[in-house]
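Here the structure is laid out as structure tokens; the discussion comes afterwards.
The values are calculated or read from the model by the stated rules, or taken from the named source; none is laboratory data. All figures in this text were calculated on a predicted structure; none of them were measured in a lab. Heads up, the Cβs are rebuilt from the backbone with ideal geometry, glycines too, and the neighbour counts pull from every protein chain shown. What goes into the accessible areas is simple: the full protein's heavy atoms, side chains included, and nothing from ligands, DNA or RNA. Shrake-Rupley method; radii C 1.70, N 1.55, O 1.52, S 1.80 Å.
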Amino acid sequence: MASFLLLAGIGPLSVLAQNAPAASTALLLRPAAVFDGETLHQGWGVLVEGDKIKAAGPAGQLAVPAGARTLELPGLTLLPGLIEGHSHLLLHPYNEASWNDQVLLESQAMRVARATAHARATLEAGFTTARDLGTEGADYADVGLKQAIDHGIIPGPRLLVATRALVATGSYGPKLSVDVDVPQGAQEADGTDGIIRAVREQIGKGADIIKVYADYRWGANEPSRPTFSQEELTLIVQTARSAGRPVVAHASTPEGMRRATLAGVQTIEHGDAGTSEVFKLMKQRGVALCPTVAAGDATSQYRGWRKGQDPEPERIRQKHVSMKAALQSGVDVAVGGDVGVFTHGDNLREAEQLVQDYGLPTLQVLRGLTSTNARIFQLLDRGRVQPGLLADLVAVAGDPTQDIKALRQVRLVVKGGVIIKQ
């Protein structure tokens, strides 16, 4: 069996560990240092029992039970499992196939098969949790994908799924001839009755999150404009909140962002044309920004921009302006790259660009991938190395508090106390 798995390109440790029960004995991890989600600690160890962190602190002071297994991790930094803030597991890079072609020409079976590989790549890159913000025409396939991961059928991160997402009628796509009705990339809903029904339907089908497109392009070559009214957005948030679900909003215009913020969404996704005024409003209302800088960078390069050689396209220039305003406002920044627009497993691209291209401090971005994302997304059981929290852990070569690229050097992935990659 091991030979077969290796020939198939599947590491036997990864697959068997995914289906193995939680360890019955304790596991002591002894790295060179531990980043606990906030601060780096030299010489710390972490004790895991079952699927939880039992203790963390100076390695020599931990009370280790008899029979515990010790895993030495010399030269490595141990940190919480990374949290991807914005992904689409059912999409693959647009330079491989356009969004329209993926929605219209690829079968759901093909898309789920791809998503299975994407989930594994995400986990092996050290991302043990991911918000998946819309299936883009694949209906409720993300719910089944999440269930398959949770049941140990396939390896992947813990998923928070948004299912179909909500759009105002006529505002999304694909759009072909006016004489042809084609499957849409999200669920159309309008007005009081239609919105309440759609939100409740998505929640009933398994949505952890409701995603709404607060603005979008009404036609080809048009700028984005608001889609839902203030009253509609507020109703979406109220309906979701009564069922214990947060709402996230795709919004890139100041007015779309303003309406979504006043409605009470958890995060604004993209925010490309955000202004100082709207970011200040977000700060006041406790709404975070997930800027997805990597997606715009990727699509600009797909269209021919030679980064580092050509002048910045207007889209990238505008993103720098909006990000400067966002950072000056003090708004919370979630880290999520809109991965799927670019390759799954390359999730770190967002963090790297936030540091290198937009000047965010490395430590802020590292916290963003761990404790800050956990706080913003209300995931109180993860994101830090702390007793009682989930034993979702990653070990990397080097010091990621000094060099964000160290997160590329993943040497160990533990999910729920089970070693997934070593």
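Which one, 174, 316, 26, is farthest towards the positive end of the dipole of the chain when Lys and Arg carry +1 and Asp and Glu -1 on their Cβ?
Sorting the options by dipole projection puts first 26.
How high is the FRET efficiency between residue 306 and residue 277 when r is their beta carbon distance and R₀ equals 25 Å, given to the nearest 0.05?
So, using R0 = 25 Å, E works out to roughly 0.10.
With a 1.4 Å probe and every protein chain left in place, tell me how much accessible area residue 399 has, in Å² to the nearest 10.
Its heavy atoms expose roughly 50 Å² to the probe.
Once you put a point 7 Å from the Cα of residue 231 and another 7 Å from the Cα of residue 315, both along the Cβ direction, what distance in nm separates them?
Modelled inter-label distance: 3.5 nm.
Excluding ligands and nucleic acids, what accessible area in Å² is computed for residue 227 using a 1.4 Å probe, to the nearest 10?
Solvent-accessible area, nearest 10 Å²: 20 Å².
Is the C-alpha gyration tensor of the range 108-158 telling us rounded, prolate or oblate? Criteria: a/c under 1.5 is rounded; beyond that, a/b larger than b/c is prolate, otherwise oblate.
prolate
Rounded to the nearest 5, what is the percent of antiparallel bridges among the DSSP beta bridges in the chain?
Around 45 percent antiparallel, to the nearest 5.
Tell me, what is a quarter of the convex hull surface for the C-alpha atoms of the chain, in nm² with one decimal?
Across all orientations, the chain yields a mean hull projection of 21.0 nm².
Could you give the C-alpha radius of gyration of the range 141-240 expressed as a fraction of 2.2 N^0.38 Å, taking N as the number of residues it contains? Before the final figure, lay out the partial values.
Working: Rg = 15.4 Å, N = 100, 2.2 N^0.38 = 12.7 Å.
Relative to the rule-of-thumb radius for its length, the range 141-240 sits at 1.22.
Using the Cα centre of the chain as origin and beta-carbon charges of +1 (Lys, Arg) and -1 (Asp, Glu), tell me which of 287, 394, 228 is placed farthest towards the positive end of the dipole.
It is 394, whose Cα lies furthest towards the positive end.
Could you tell me the distance between the Cα centroids of the range 300-343 and the range 370-408, to the nearest Å?
For the range 300-343 versus the range 370-408, the Cα centre distance is 24 Å.
Considering only 25, 275, 253, give the residue with the highest GNM mean-square fluctuation for the chain, with springs between Cα atoms whenever their separation is below 10 Å.
It is 25.
Can you give the FRET efficiency for residue 153 and residue 179, using 1/(1 + (r/R0)^6), R0 = 30 Å, r = Cβ-Cβ distance, to the nearest 0.05?
My answer for the efficiency is 0.10.
Nearest 500 deg cm²/dmol is fine: what mean residue ellipticity at 222 nm does the chain get from its DSSP H runs of n ≥ 4 alone, each adding -39,500 (n - 2.57), divided by its residue count?
-9500 deg cm²/dmol
Sort all Cα-Cα distances of the range 193-233 into consecutive 10 angstrom bins from zero, then give the percent of pairs in each bin up to the one containing the longest distance.
Histogram of Cα-Cα distances, whole percents per bin: 26, 41, 28, 5.
Compute a Gaussian network model of the chain, connecting alpha carbons closer than 10 Å, and tell me which residue from 89, 366, 28 fluctuates the most.
Fluctuation is largest for 28.
Taking only Cα atoms and a 10 Å spring cutoff, compute GNM fluctuations for the chain and point out the largest among 31, 65, 291.
In this elastic network of the chain, the residue with the biggest mean-square fluctuation among 31, 65, 291 is 65.
Using unit Cβ charges (K, R positive; D, E negative) and no other charged atoms, how large, in debye to the nearest 20, is the dipole of the chain about its Cα centre?
Its charge dipole is roughly 880 debye.
Could you tell me, in Å, what Rg and Dmax come out for the Cα atoms of the range 340-422?
Cα radius of gyration and Dmax of the range 340-422 are 13.2, 37 Å respectively.
Leaving out same-chain residues fewer than 8 places away, which aspartates and glutamates sit with a Cα under 12 Å from that of residue 175?
Candidates past the 8-residue exclusion: 101.
Only bridges with both residues in the range 192-270 count here: give the DSSP antiparallel percent, nearest 5. Numbers along the way, then the final one.
Numbers: 3 of 11 bridges.
The answer is about 25 percent antiparallel.
Can you return the lysines within cross-link range of residue 280? Criterion is Cα-Cα under 16 Å, with same-chain partners fewer than 8 residues away left out.
Leaving aside lysines fewer than 8 places away in the same chain, those within reach of residue 280 are 324.
Can you divide the C-alpha Rg of the range 265-422 by 2.2 N^0.38 Å and report the result to two decimal places?
1.09
Would you please classify the overall shape of the range 243-295 from the alpha carbon gyration tensor, given that a ≥ b ≥ c denote the square roots of the eigenvalues, rounded means a/c under 1.5, and beyond that prolate means a/b larger than b/c while oblate covers the rest? Provide the component values of the computation, followed by the final result.
Numbers: a/c = 1.80, a/b = 1.21, b/c = 1.49.
Oblate shape, in that a/c is at least 1.5 and b/c is the bigger or equal ratio.
Which order do the peptides 208-219, 232-243 come out in when sorted by mean C-beta neighbours inside 10 angstrom, highest first? Working shown, then result.
On the way: 208-219: 22.9, 232-243: 19.2.
Going from most to least packed, we get 208-219, 232-243.
In the chain, if the dipole is taken from +1 on Lys/Arg beta carbons and -1 on Asp/Glu beta carbons about the Cα centre, which of 105, 125, 276 is farthest to the positive end?
125
If you put +1 on each Lys and Arg Cβ and -1 on each Asp and Glu Cβ, how big is the dipole of the range 323-415 around its Cα centre, in Debye rounded to 20?
Values: 10 positive and 10 negative charges, 41 e Å.
The calculated dipole for the range 323-415 is roughly 200 debye.
Can you bin every Cα-Cα distance in the range 263-336 into 10 Å intervals starting at zero and give me the percent of pairs per bin, rounded to whole numbers?
Percent of Cα pairs in each bin: 20, 47, 24, 8, 0.
Which of rounded, prolate, oblate describes the range 182-287, given a ≥ b ≥ c as roots of the alpha-carbon gyration tensor eigenvalues and a/c under 1.5 marking rounded, otherwise prolate only if a/b is larger than b/c?
oblate
Explain nothing, just the number: dipole magnitude of the range 57-167 about its Cα centre with +1 on each Lys and Arg Cβ and -1 on each Asp and Glu Cβ, in debye rounded to the nearest 20.
Details: 8 positive and 11 negative charges, 61 e Å.
Here the range 57-167 has a charge dipole of around 300 debye.
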